[in-house]
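K.L.:
Attaching a single structure in C-alpha cells format; questions to follow.
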Amino acid sequence: MGVPFIRLAGTSVAAVMLVVGLTGCGGEATPEPSDSGAVSESPSPSAEPTTDPNADVLFTITANVRAVDGRTIGISMAAHAPLASTDDAAADIRAQFLSVCGAGTGAQPITEQYLEDNGSTLVRISLASTTPDLTFASPIQLFFGSPYFAQSASGAGITPSQGGQVCFNGFDWSKSGDARGVADFENSDGVPDFSQWHFGRYGFSVDPNSGATIEACKVTISEIGMKDNLSDAPGWDPTSAGDGISCTIGYVGE
C-alpha cells in the first residue's frame, strides 16, 4: 500500500444573517421600548475568541496537477497535530474515522473501545484545491498514515483504492474540491504515542502510465512539526519530495 469553513447546508453564514436581519421588516412594527426613566448603558463589546484552524498544522504539501481539460489545479494536504482517540477534542475526527473504518478488517471491527485499548492517536488531514469541481487528468492516490493502521478519507471525488480492504488500501481523489482524512496510529502497550505520525508517509501520486504529472511540489514543515526530533526519522527531507509523478514525504524505513 502506498500512501485534510463554516457552512450551513450550502447556505453561507452571511446569507443566514441577512435573513435574520430582514425578519420582522414586512408588516408589523417592532414595539418601542417603554421609557422607565432609568438610564442603562450598553455593555462594552468584547472580542470574540478566535481559533486559528492552522495553529496545529505539522506540515503542508502543495503541488500542481492538471484537469482533463488541461487547466492547472493547485492541490494541498495539511496534517494536524495528533490527538489521543479518547481526547474530547478528538470527538469529531474520531466519529468521522469510525464512520468510514468501523468495519476494520471485517474480522476485527474498529470501535471507540478498540482505539482506546490500542493507544490510538488520530491525525486529521485537510485536503484542498484551488479550483473546485474539476476532474483530475488522472486520479490522485492519497498517502497519509502508516500501512499497518487504518486511514479514512471522505469528500467529493474520494473513493477507496481498488484491490484491498477499505481503510487499509488507500484512497483515490478524482475531483477537485475540499476533502478530509484521518490517520490512525496505534501503540501495542495501549499508551498513546504522539510521535508515531513520524512513521507515516504523506502526499500524492499519479499512475506513471497515465501520462499525468504532479508539478511544483513543495513541502513546508512547521515549528510544531519539527519538534520531537522529526529530523531523526529518515525520509523527512523536503528537497526530495517531488519526482514529477509524485509529491510525498515521510518515513522510508522498513
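What follows draws every value from the coordinates through simple rules; no lab data is involved. Everything numeric in this text was worked out from a predicted model, so none of it was measured. Cβ coordinates were reconstructed from backbone atoms using ideal geometry, including for glycine residues, and neighbour counts include every protein chain displayed.
K.L.:
Please sort 179-186, 153-160, 211-218 by packing, taking for each peptide the average over its residues of neighbouring beta carbons within 10 angstrom, highest first.
P.N.:
179-186, 153-160, 211-218
K.L.:
Can you give me the long-range amide H partners of PHE171? Hydrogens built in the peptide plane at 1.01 Å from N, cutoff under 5 Å, separation of 5 or more residues or another chain.
P.N.:
For PHE171, the qualifying residues are LEU142, SER161.
K.L.:
Under 16 Å from the 7 Å Cα→Cβ point of ASN64, by amide nitrogen: which residues of segment 237-254?
P.N.:
Of the residues in segment 237-254, 242-247 have backbone N under 16 Å from the label point off ASN64.
K.L.:
Could you please tell me the mean projected area of the C-alpha convex hull for segment 165-211, averaged over all directions and given in square nanometres to one decimal?
P.N.:
So the Cα hull casts an average projection of 5.3 nm².
K.L.:
Let me ask you something else. Show the residues, 5+ positions off or on another chain, whose built amide H is closer than 5 Å to the amide H of ALA150.
P.N.:
ASP184
K.L.:
Using the Karplus curve 6.51 cos²θ - 1.76 cosθ + 1.60 with θ = phi - 60°, what ³J(HN,Hα) values do you get for each residue of segment 195-208, in whole Hz, with x for Gly and Pro?
P.N.:
My calculation for segment 195-208 gives 9, 5, 4, 4, 9, x, 10, 9, x, 9, 8, 10, 4, x Hz in order.
K.L.:
Also, quick follow-up: Tabulate in residue order the Karplus-calculated ³J(HN,Hα) for segment 219-235, using 6.51 cos²θ - 1.76 cosθ + 1.60 with θ = phi - 60°, rounded to whole Hz; enter x for Gly and Pro.
P.N.:
Listing the rounded values in order: 10, 10, 9, 7, 4, 4, x, 7, 6, 6, 6, 4, 5, 7, 8, x, x Hz.
K.L.:
Another question, if that's okay. Tell me, how many Å apart are the Cα centres for segment 119-183 and for segment 187-230?
P.N.:
Between the Cα centres of segment 119-183 and segment 187-230 lies a distance of 13 Å.
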